[in-house]
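The values are calculated or read from the model by the stated rules, or taken from the named source; none is laboratory data. All of these numbers come straight from a predicted model, not from anything done at the bench. As a convention, Cβ positions derive from the backbone with ideal geometry for all residues, glycine included, and neighbour counts pool all protein chains shown. Surface areas here come from the heavy atoms of the whole protein model, side chains and all, with no ligands, DNA or RNA. Shrake-Rupley method; radii C 1.70, N 1.55, O 1.52, S 1.80 Å.
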Amino acid sequence: MPLILAACVILGIIIGTFFANHLSSNRLNIINSGSNRLNNLLHIIDDQYVDAVNIDSLVEKAMPQILGDLDPHSVYISAKDVQIATDDLKGSFSGVGIEFVIREDTIRVQGVIKNGPAERAGLLAGDKIISVDGKPFVGKDVTNEEAQHRLKGPKDTKVKIGVLRFGEKKEKVFTVTRGEIPTRSVSATYMVDETTGYIRIKSFGENTYPEVLIALAQLSQENFQNLIIDLRDNTGGYLQSAVQIANEFLPKNKLITYTEGRKQPRQNFMSDGRGSYQRIPLVVLINEVSASASEIFAGAMQDNDRATIIGRRSFGKGLVQQQIGFPDGSMIRLTIARYYTPSGRCIQKPYVPGSKEYGDDLLERYQHGEFFSEDSIKHTGPAYHTTNGRTVYGGGGITPDIFVPEDTLGMTSYYKQASMSGLILQYAFNYTDENRQKLNTFNDMKELSAYLVKQNMVEKFATYADKVGLKRRNLMIQKSHKLLQRYIHSRIIYNIMDEDAWIQYLNIDDPVIYKALDVFKKHESFPKKHE
């Protein structure tokens, strides 16, 4: 019997070896799951590949591809990019406190945060940064990412910034002690007219809700009776911030939004009835860039018939991401659920996993004419109904109650080239720099605007642009004069004052603002019941 057992064992080894060598072609001799195959592949490459391979680098390149094949918003963020990716939504970050632009491979200080580290050290708007910590920082190495990497840093650490100041030839070096820099998500708060308050929210971050409460308190002191909340170009942010703000305007037990996914049971977000502005007439402005948390807020107001939505169809981003960190400091944002409006609409527009068409959707909308004609809006999803029985549609994004087309009056190829090439931004900055002493004497946006009108800025720009390669086209310049003047003036106002003043200037002749004021005048901000 022992001899028979030994012979069987030997025979089994011979047969197994034969199949492994001749039928499996050196493949792994176990049935692997997908994750095991991936791990084994990396081990095989590391062990047997002809050249030395950096496995970490290989994984770094593979992870975005894997996540990109799931959906458009699941992403991998490397350790070095995590801070940049999260700073915008945090209430603050540690840095020097400047706003800058890059012109001609040089960092130009566009603005200095009041009472911030840079201002305390002596930096001024208009300074050109030419060195950081004693090392030259000009030329092709100057990028937004590299500038943030060098200027941001832990609180209370020091950085030496060398600048060239207008009218001076010698470098001045300032030692700046980094500190906490607040990030504002409410970029403008003011009274549009005697009864209408306006709040512009550019993102939904950690501090957006308290910022909105402060803005509402400020408008209350000015006795506002109507309110415009502007979410145009707001790409979203934190769900909780949108829910908190929506709660301020809704009566008790109203559904704000709900989320649901394969592994995530439905979660309802309800109003608690404690909001202080449940009866204020409200208009919400959106456009094709408004996304995510912006769409949650707009959808909650629309489906509950709480506000009139004005503008153009929103982006259609309704996937819920969860941040998951790795030991090396990198992280992924993985889609775990979808957002739905109170009526049951899925906010997310359709997509094909791994397809590149999703990123071209806005361009396709533009070419299809959706930005210019309400009839061109494609409703691909089923019909739903608001609380009052009004019909709204799924299929992605929030379609406004009142459509306002993109203004193309005066648009010419000359204006498009002047704006898209960055020439207007460059000219506005140069003009600001050369005339800063005079421009700083204006404390009121309207006074500064009136002064700029007298300076014949469009003619001066056309002369400048002609010298740097944009050939003068007098008939086109005449046709686009209003657009050119508006763009040039707005950037100079932004450079000299702040974002609030800039937005107020742009809103002066904004047809969307006009439409909102008309809605209030007709007492139509609360949508009526379907008849």
Given 61/317; 114/202; 128/160; 202/252; 349/378; 416/471, the pairs whose alpha carbons are separated by over 18 Å: 61/317; 114/202; 202/252
Tilt relative to the chain, helix 457-467 - C-alpha long axis, 0 to 90 degrees, to 10: 50
Pairwise label distance in nanometres, residue 446 with residue 160, each label 7 Å out on the Cα-Cβ vector: 5.0
Carbon/sulfur fraction of accessible area - the chain, other protein chains in place, 1.4 Å, %: 52
Residue 257 long-range amide H proximity, modeled H, under 5 Å: 269
The chain - accessible surface per residue (Å², probe 1.4 Å): 54
Shape metrics for the stretch 218-353, restricted to C-alpha atoms - Rg then Dmax, Å: 15.9, 52
Rounded FRET efficiency, nearest 0.05, which uses the C-beta distance separating residue 482 from residue 355 and R0 of 45 Å: 0.65
Residues with amide H under 5 Å from that of residue 132, placed H, sequence gap 5 or more: 137, 162
Summed side-chain charge close to residue 117 - residues other than residue 117 whose Cβ falls under 12 Å, Lys, Arg +1, Asp, Glu -1: +3
Cα gyration tensor, the stretch 216-278 - rounded (a/c under 1.5), prolate or oblate: oblate
Whole-Hz ³J(HN,Hα) from phi, Karplus 6.51 cos²θ - 1.76 cosθ + 1.60, for the stretch 450-456, glycine and proline x: 4, 5, 5, 4, 6, 8, 6
Hydrodynamic radius (Kirkwood) for the stretch 36-174, which is based on Cα pairs only, to one decimal in Å: 18.2
Positive minus negative residues near residue 466 (Lys, Arg vs Asp, Glu; Cβ under 13 Å): +4
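Sort the stretch 377-480 into rounded, prolate or oblate with this rule: let a ≥ b ≥ c be the square roots of the eigenvalues of the Cα gyration tensor; rounded if a/c is under 1.5, and if a/c is not under 1.5, prolate when a/b is larger than b/c, oblate otherwise.
Working: a/c = 3.38, a/b = 2.03, b/c = 1.66.
Since a/c reaches 1.5 and a/b is larger than b/c, the shape of the stretch 377-480 is classed as prolate.
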Inter-label distance for residue 322 and residue 240, nm, one decimal - labels placed 7 Å from Cα along Cα-to-Cβ: 1.6
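Take every Cα pair under 8 Å in the chain that's 6+ residues apart, average their separations, divide by the length, and report that relative contact order as a whole percent.
Relative contact order, the chain: 11 percent.
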Cα-based helix-to-principal-axis angle, 481-496 vs the chain, degrees rounded to 10: 80
Amide hydrogen neighbours beyond the local backbone of residue 237, cut-off 5 Å, H modeled: 204, 293, 294
Global form of the stretch 287-385, assessed from the alpha-carbon gyration tensor, a/c cut-off 1.5: oblate
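To the nearest 0.05, how large is the calculated FRET efficiency for residue 509 and residue 402 if R₀ is 25 Å and r is the Cβ-Cβ distance? All intermediate terms of the calculation are to be shown ahead of the outcome.
Numbers: r = 18 Å, r/R0 = 0.73.
Rounded to the nearest 0.05, the efficiency is 0.85.
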Zero-based 5 Å bins, Cα pair distances in the stretch 96-165, whole percents: 4, 18, 31, 30, 14, 3, 0
Karplus (6.51, -1.76, 1.60) ³J(HN,Hα), θ = phi - 60°, over the stretch 40-47, in Hz, Gly and Pro reported as x: 5, 4, 5, 5, 5, 4, 5, 8
Packing rank of 230-237, 210-217, 371-378, 105-112, where each peptide gets the mean count of other beta carbons within 10 Å, highest leading: 230-237, 105-112, 210-217, 371-378
Structure-derived Cα Rg over 2.2 N^0.38 Å: which label, when the choices are (1) 0.99; (2) 1.20; (3) 1.30: (2)
Degrees separating the helix 208-221 axis from the principal Cα axis of the chain, which is the longest one: 20
14 Å beta-carbon shell around residue 430, net charge (K/R +1, D/E -1): +4
Rg followed by Dmax, in Å, when the stretch 149-222 is reduced to its Cα trace: 19.1, 53
Cut-off 15 Å, label 7 Å out along Cα→Cβ of residue 276, residues of the stretch 235-263 by amide N: 245-250
